[in-house]
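Beneath this line is the structure, given in structure tokens, with notes to follow.
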Amino acid sequence: MIRVLVADDQAMVRTGFGMIIGAQPDMEVVGEASDGVEAVEAARRLRPDVALFDIRMPRMDGLQALRLLAGPGVADPIKVVVVTTFDLDEYVHSALRNGAAGFLLKDSGPALLVEAVRAAVSGDALISPSITVRLLQHLTAPQPRADDGGLSPRELEVVRLIARGQTNAEIAKELFISIGTVKTHLGSVHQKLGTRNRVEIAAWVWERRLVS
């Protein structure tokens with residue numbers, strides 16, 4: 001079973017997410033939290049496979065809670081998917097830089113929420129399609145940065161496709177390589193760039209304007 005923690009200050013939202021997760025044969029909600037402090041405590045105590053965090057919560061916001069659980073320097077990070085009403089660029093930037101395993105808008109729908117949970121468990125990361133390109137493009141620096149991070153031409157092809165939201169299977173098909181080879185390239189990319197997930201890779205690509 002995929003164990004999920006839900007943190008949101010609105011009881012109705014927690015109930016709705018719980019119903020969506022509970023309807024899946026291989027998922028269960030193992031805990032709820034109504035503020036950021038509770039969310040951090042519950043996540044550390046329950047060690048869920050995935051935590052769903054709202055951003056605007058009392059006592060501690062979701063981004064600070066995310067930083068404590070998955071940010072730089074966290075030895076054993078928890079996979080946190082940010083689910084919010086607010087698609088502000090600074091929120092996405094902060095979430096990406098602090099280890100988010102996904103970023104969804106609350107109106108994305110049940111199917112995408114379930115997909116985001118599964119993606120996080122498998123080591124991928126999902127961002128709401130409606131904001132992926134717009135928000136990641138806005139992460140670019142004022143001037144283009146000519147930095148390939150030491151990646152090989154093939155690795156650059158792979159990371160560009162990741163930045164466009166393609167899965168490993170889609171990348172393998174487009175580049176005429178095996179899924180295993182894609183995973184090997186991703187391992188090399190993570191080592192060279194110091195990234196931990198696909199979201200951080202996508203942010204790195206867009207910041208350097210390696211895709212249009």
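The values are calculated or read from the model by the stated rules, or taken from the named source; none is laboratory data. Nothing here was measured: the structure is a model prediction, and the numbers come from that model. We place every Cβ from the backbone using ideal geometry, glycine too, and count neighbours over all the protein chains shown. All accessible areas refer to the heavy atoms of the entire protein, side chains included, with ligands and DNA or RNA removed. Shrake-Rupley method; radii C 1.70, N 1.55, O 1.52, S 1.80 Å.
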Length gained, Arg164-Glu115, 0.36 nm per residue minus C-alpha separation, equals 15.9 nm
Ranked by GNM mean-square fluctuation in the chain (Cα springs under 10 Å), the top entry among Val37, Val117, Val83 is Val37
Residue span Val211 to Glu174: 0.36 nm per residue of separation minus Cα-Cα distance leaves a gain in nm of 11.7 nm
Largest fluctuation, Arg59, Arg47, Arg196 only, Gaussian network model of the chain with Cα springs under 10 angstrom, belongs to Arg59
Rounded to whole Å, √(5λ) for the Cα gyration tensor eigenvalues of the chain, largest first, gives 29, 18, 15
Place a point 7 Å from the Cα of Arg45 in the direction of its beta carbon; the residues of the range 66-81 whose amide N falls under 11 Å from it are none
Residue span Asp76 to Asp107: 0.36 nm per residue of separation minus Cα-Cα distance leaves a gain in nm of 8.1 nm
Here the range 191-199 yields Karplus 3J(HN,Hα) values (6.51, -1.76, 1.60; θ = phi - 60°; whole Hz; Gly and Pro given as x) of 5, 6, 9, x, 8, 10, 7, 5, 5
Per 5 angstrom bin, beginning at 0 and ending with the bin that holds the maximum distance, the Cα pairs of the range 1-112 fall in percents of 2, 14, 25, 27, 20, 9, 2, 0
Whole-percent carbon and sulfur contribution to the accessible surface of the chain (1.4 Å, no ligands, DNA or RNA) stands at 54 percent
Computed over the chain, protein heavy atoms only, probe 1.4 angstrom, the accessible area per residue in square angstrom equals 46 Å²
In degrees, nearest 10, the alpha-carbon axis of helix 11-22 is tilted away from the dominant principal axis of the alpha carbons of the chain by 60 degrees
Of all lysine pairs in the chain that are eight or more residues apart or on different chains, those with Cα atoms under 26 Å apart total 6
